[in-house]
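Student: Let me give you the structure first, and then I'll get to my questions.
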Amino acid sequence: MKGERIVEAKKIKTPLTREQAKELRAGDQVLINGVIYTGRDAAHKRMIETLDRGEDLPFDVQDAVIYYVGPCPAKPGQVIGSAGPTTSGRMDAYAPTLIVKGLTGMIGKGLRTSAVIEAMKEHGSVYFAAIGGAGALMARTIKESEVIAYDDLGTEAIRRLIVEDFPAIVVIDSQGNNLYEQGKEAYRKK
Amino acid sequence: MRRITFEQIACAVEKLCIEANTIIGDDVNNALKRACNQEASSLGQSIIQKILENNDIAARESVPICQDTGMAVIFVDWGQDVRFEGSDIKEAIHEGVRRGYDKGYLRKSVVQDPLERINTGDNTPAVIHFDLVPGDKVHILVAPKGFGSENMSALKMFKPSEGIEAVKKLVIDTVDNAGSNPCPPIVIGVGIGGTMEKSAILAKKALMRTIGTSNPKPHLAALEKELLEKINGLGIGPQGLGGTTTALAVHVETYPTHIAGLPVAVNINCHVTRHAEVEL
């Protein structure tokens, strides 16, 4: 907001409980530590089909954080290639189902639908934005990466990542405060 | 007649795919530095600083700037006095894309059928635009295009009576509706005139122009300036989190059109506005 002062980023750890998620406010800068899971369009479609068949998801979504990313292949000596966020809106059709199942955190970029925000408010989830396009910077904070499901989807497979001080910004909190709307409103010339 | 071989084309395209995806132009970095100094939001400033840091890491370590290494859009200006030695120029270009995306550890993001959506595994085919030009040189420009921004682009066929106001409204509304999705600060290419597809190609080509330059026609330079000011007044800001830097540049290109039409295309690029070129 206008006149804001530079605040130190908060360190947070996963798994992210609903109690921890409730402490976070839109505008907070955070450094995420621990396990996060990757998944984007094709993986989400498959996860929802799995649930529809009454089967278990490939990882426990309770208190989990999911990162919408399709990384580049790793160069020799690298854990993972460039890995910045993809547009979250494409996951909006699937996100409420995962939130109901216990998902507390989503990392991506861009706006979410009101259905996602309502599910977040009801179940105490939080939405983080990572910096779109800054894939080389973010890859440095990823210390381990392992494909745990849907290997055939290539870059869209589900990975289990271990991250250290992964930089993100809380954009929509569990009360529905939305920095995309507030930030734009604060700087919009009338 | 000068001769150019399959290998010359394939090698050039391979190198350009890697270069474009790892090294951002000085014009973009300089525009980001200027924007960082002028940005009113401190969160916005810190985001632009991280973007600059990311661009440094990518160039230094030769890794992709962004994980979306795009669909390869390739503009070829082929001198009419050059003879291609080989069976298929397009296949030479595709072979270069295949090698570049493999050797550069770039993400393969192309699906064969837009409805069936099976990844081709080698980022081919590229989208290739050929132009036959005078002379005996071949100019190749590779512009990998990410779809976070491509998806936010727009095209509209206006009535001539709707005029300049309709053009301005389309550009501004397209950016406003896109919000954070195309990874602002963005670059905006606007193509006006020609036919439907000509306006779209003009808009794409406008993204290749060096940031900081204006259209040489004064009325179009004035339009670019006005659009940039209005867009930066939308409040969207870096990454859409609020601020005074929504766009780094607006580039407008025009072409003669039909008495009955006013086609306008708006092509949005993220801050990773990439391209690399070579003359053979």
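The values are calculated or read from the model by the stated rules, or taken from the named source; none is laboratory data. All values derive from a computational prediction rather than experimental measurement. Quick reminder, even Gly has a Cβ in these numbers, built from the backbone with ideal geometry, and neighbours come from all protein chains shown. Protein only, heavy atoms only, side chains kept; ligands, DNA and RNA dropped before computing areas. Shrake-Rupley method; radii C 1.70, N 1.55, O 1.52, S 1.80 Å.
Student: Given the criteria over 30 Å from A:Glu185 (Cβ atoms) and of a type in the set (Lys, Arg), does B:Arg34 qualify?
Tutor: On the way: over 30 Å from A:Glu185 (Cβ atoms): no; of a type in the set (Lys, Arg): yes.
No; evaluated as a whole, the condition is false for this residue.
Student: Here's something else I'd like to know. Give the number of residues within the stretch B:112-139 that are under 16 Å from B:Met71 (Cα atoms), modelled with pLDDT of 95 or more and assigned to a strand (DSSP E or B).
Tutor: 3
Student: Would you pick out the residues in the stretch A:55-79 that are more than 8 Å from every other protein chain (Cβ to nearest Cβ) and either among the polar types (S, T, N, Q) or crowded, with 24+ Cβ neighbours inside 10 Å (or both)? Break it down into steps so the answer makes sense when it comes.
Tutor: The first filter runs over the stretch A:55-79 and keeps only residues more than 8 Å from every other protein chain (Cβ to nearest Cβ), leaving A:55-68, A:76-77, A:79.
If the condition is that a residue be more than 8 Å from every other protein chain (Cβ to nearest Cβ) and either among the polar types (S, T, N, Q) or crowded, with 24+ Cβ neighbours inside 10 Å (or both), then A:Gln62, A:Val65, A:Ile66, A:Tyr67, A:Tyr68 are the ones that fit.
Student: In addition: Can you name the number of the only condition in (1) closer than 26 Å to A:Gly27 by Cα; (2) assigned to a helix (DSSP H, G or I); (3) open to solvent by 10 Å² or more (accessible area, probe 1.4 Å); (4) aliphatic (A, V, I, L, M) that B:Ala40 fails?
Tutor: Result: B:Ala40 fails condition (2) only.
Student: With a cut-off of at least 2 residues that are of a type in the set (S, T, N, Q) and either within 18 Å of A:Lys184 (Cβ to Cβ) or away from chain A (no Cβ under 14 Å) (or both), name the helices (runs of 4 or more DSSP H) lying wholly within the stretch B:146-260. Show your work before the answer.
Tutor: Details: elements: B:147-150, B:163-178, B:196-206, B:218-232.
Of the helices (runs of 4 or more DSSP H) lying wholly inside the stretch B:146-260, those with at least 2 residues that are of a type in the set (S, T, N, Q) and either within 18 Å of A:Lys184 (Cβ to Cβ) or away from chain A (no Cβ under 14 Å) (or both) span B:163-178.
Student: Can you report the number of residues in the stretch A:30-49 which are farther than 18 Å from A:Thr155 by Cα and at pLDDT below 95? Break it down stepwise before answering.
Tutor: First pass over the stretch A:30-49, keeping only residues farther than 18 Å from A:Thr155 by Cα: A:30-35, A:48-49.
Filter again for at pLDDT below 95, leaving none.
Of the residues in the stretch A:30-49, 0 are farther than 18 Å from A:Thr155 by Cα and at pLDDT below 95.
Student: Let me ask something additional. Could you say which residue among A:Ile107, A:Ile99 is among the aliphatic types (A, V, I, L, M) and either assigned to a loop (DSSP other than H, G, I, E, B) or within 14 Å of chain B (Cβ to nearest Cβ) (or both)?
Tutor: Values: A:Ile99 fails: either assigned to a loop (DSSP other than H, G, I, E, B) or within 14 Å of chain B (Cβ to nearest Cβ) (or both).
None of the others qualify; the one that does is A:Ile107.
Student: Let me ask you something else. Quick one: count up the residues across the stretch A:151-190 that are within 13 Å of chain B (Cβ to nearest Cβ), touching a residue at least 12 places away in the same chain (Cβ under 8 Å), open to solvent by 10 Å² or more (accessible area, probe 1.4 Å) and assigned to a loop (DSSP other than H, G, I, E, B).
Tutor: 1
Student: Of all residues in the stretch B:229-252, how many are closer than 30 Å to B:Gln80 by Cβ and surrounded by fewer than 23 Cβ atoms within 10 Å (Cβ to Cβ)? Lay out the reasoning, then the answer.
Tutor: In the first step, residues of the stretch B:229-252 are kept if they are closer than 30 Å to B:Gln80 by Cβ; the result is B:251-252.
Then keep just the ones that are surrounded by fewer than 23 Cβ atoms within 10 Å (Cβ to Cβ); that gives none.
So the answer is 0.
Student: Let me ask something additional. Out of the residues in the stretch B:50-101 meeting the condition of being more than 14 Å from chain A (Cβ to nearest Cβ) and among the β-branched types (Val, Ile, Thr), tell me which one is farthest from B:Val127 (Cα to Cα).
Tutor: B:Val82
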